[in-house]
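Student: Okay, handing you the structure first.
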Amino acid sequence: MAALSGSMSKLHRKVALVIGNQSYSKRPLANSVNDANDLADALHTIGFEVTLGVDCTHQKMANLIDDFADKIQ
């Protein structure tokens with residue numbers, strides 16, 4: 001039964017990837033980082049394991065997505 005409960009808990013793990021980019025060169029956004037932080041906090045409050053990225057370069061965002069994909073498999 002211990003092995004089964006360990007498997008079951010992994011199936012029901014709540015994880016989220018939140019990315020907020022606002023520092024664009026042509027049209028910066030006003031609240032993306034604040035919104036991402038608020039969303040990450042809210043998800044964390046209800047039990048999610050949150051990976052947060054703010055103002056990510058293309059490479060940093062790709063790395064976050066790859067790491068998150070590995071985490072959920």
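Taken together, the values in this text are just the output of simple stated rules run on the coordinates, not laboratory data. No experiment lies behind these values; they were computed from the predicted model shown. Cβ coordinates were reconstructed from backbone atoms using ideal geometry, including for glycine residues, and neighbour counts include every protein chain displayed.
Student: With only alpha-carbon atoms counted, please give the Rg and Dmax of region 25-73, in Å.
Tutor: When restricted to Cα atoms, region 25-73 yields Rg and Dmax of 12.5, 37 Å.
Student: So, R0 is 30 Å and r is the distance between the beta-carbons of residue 55 and residue 14; what FRET efficiency does that work out to, to 0.05?
Tutor: Details: r = 25 Å, r/R0 = 0.84.
Step by step, r from the Cβ atoms, then E = 0.75.
Student: By a straight-distance test (C-alpha under 16 Å), which aspartates and glutamates pair with residue 60 as possible cross-link partners, with residues fewer than eight away in the same chain excluded?
Tutor: Filter leaves 70.
Student: If you take every residue apart from residue 23 with its C-beta less than 15 Å away from the C-beta of residue 23, what net charge results, scoring Lys and Arg +1 and Asp and Glu -1?
Tutor: Working: positive: 26, 27, 60; negative: 35, 55.
It works out to a net charge of +1.
Student: For 12, 44, what's the fewest-to-most ordering of other Cβ within 10 Å of each Cβ? Don't jump to the answer; show the numbers that get you there.
Tutor: Details: 12 6, 44 15.
Ordered from fewest to most neighbouring Cβ atoms within 10 Å, 12, 44 come out as 12, 44.
Student: Moving on. Calculate, in nm to one decimal, what residue 24 and residue 41 gain on full extension: separation in residues at 0.36 nm each, minus their alpha carbon distance.
Tutor: Values: separation 17, 0.36 × 17 = 6.12 nm, distance 2.38 nm.
That pair, residue 24 and residue 41, stretches by 3.7 nm at full extension.
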